[in-house]
Amino acid sequence: MNPLPQKVGILTHLRIGKAKPFSREKLSAIHKIPTTESRFVNELGISEDEQADLRHHGGYLKAVHQMSTETYERLNAHFGINLPIGALGENLTVQAPNFNMNETNVCIGDVYHFGNFNCTDAVKLQVVQPRLPCYKINDVINKPHAKHAALWLSTNGISGWYYKVIQTGNLQAGMEVFLAARPYPFANLQALWQLINQQSNLDNDTLTMWLNIDCLATSWKENLAKKAR
């Protein structure tokens with residue numbers, strides 16, 4: 001890996017949504033609309049962005065959600081659909097000409113700066129857990145042959161990730177994005193999903209490494225601990 005800080009791309013889209021009637025007589029804010037305006041980010045997320053189900057969404061450890069554009073490429077190819085980027089409820093899209101943030105190169109604990117790296121008011125976000133897809137993804141796609149799309153995403157570990165806000169500030173599309181810190185280089189999201197999805201138990205050394213990640217959300221640590229030998 002190149003020395004840090006390392007520029008990883010541009011924040012091409014910033015999205016916010018309101019809780020509205022969705023499927024199955026439920027409310028959801030999965031339909032998020034791009035905005036070109038500057039939005040303040042506090043510890044609970046982006047201003048004017050809502051979550052309908054606060055038991056499973058939102059909060060300090062799910063403040064901001066990002067998904068790789070590669071997820072849409074794979075999802076569309078596998079199911080033969082044409083779902084546009086941003087349709088699955090993520091707040092952020094980050095892109096670069098020769099690099100794409102995805103589960104193979106994003107690690108638990110990564111700290112990303114949004115804005116000029118030398119500015120003291122840059123927004124700082126830390127990756128703390130993957131997104132766990134739910135039925136709402138299936139309902140957004142709404143295709144009989146893709147009714148298990150959420151399960152397919154989790155099986156392949158490509159559902160994006162959640163950030164904890166460690167420095168508040170303003171986000172706006174067009175900002176540069178820098179990887180500022182990587183305390184756990186072994187802990188990429190693909191590796192975490194592989195451990196969660198594997199049928200066999202984990203050896204003690206592997207389990208200890210992951211449980212010692214201070215910022216990994218407790219629910220994921222609990223799931224890993226269930227695989228102890």
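The values are calculated or read from the model by the stated rules, or taken from the named source; none is laboratory data. Every value quoted in this text rests on a predicted model; they were computed, and no experiment measured them. Reconstructed Cβ throughout: ideal geometry from the backbone, glycine too, with neighbour counts over all protein chains shown. Heads up: the accessible areas ignore ligands, DNA and RNA and are worked out on the full protein's heavy atoms, side chains in. Shrake-Rupley method; radii C 1.70, N 1.55, O 1.52, S 1.80 Å.
Numbers for the structure displayed
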quantity	calculated
In sequence order, calculated HN-Hα J values of the range 171-177 (Karplus, 6.51, -1.76, 1.60; Hz; x Gly/Pro)	10, 7, 4, x, 5, 6, 10
Heavy-atom surface of the range 6-185, accessible at 1.4 Å and reported per residue (Å²)	46 Å²
Relative contact order of the range 6-185, defined on C-alpha pairs under 8 angstrom at six or more residues apart (%)	34 percent
Value of [θ]222 nm, deg cm²/dmol, for the chain, DSSP H segments ≥ 4, -39500 (n - 2.57) each, nearest 500	-6000 deg cm²/dmol
Residues listed by number, the range 158-177, amide nitrogen under 15 Å from S38 label point at 7 Å toward C-beta	168-176
Amide proton proximity set for T12, modelled H, under 5 Å, gap of 5+	T93, V94, Q95, G174
Residues L4 and N98, FRET efficiency given R0 of 25 Å [Cβ-Cβ distance, rounded to 0.05]	0.85
Gaussian network model of the chain, springs between alpha carbon atoms under 10 Å - residue of L92, L11, L83 with greatest fluctuation	L83
Cβ-derived FRET efficiency at R0 22 Å, R229 paired with M209, nearest 0.05	0.90
About the Cα centre, charge dipole magnitude for the chain (Lys/Arg +1, Asp/Glu -1 at Cβ), debye	540 debye
Extreme residue, positive dipole direction of the range 6-185, given options G17, N82, V165 (C-beta unit charges)	N82
Relative contact order %, the range 37-127, counting alpha carbon pairs below 8 Å whose residues are six or more apart	19 percent
FRET efficiency, 1/(1 + (r/R0)^6) with R0 30 Å, evaluated for Q167 and N76 via beta carbons	0.30
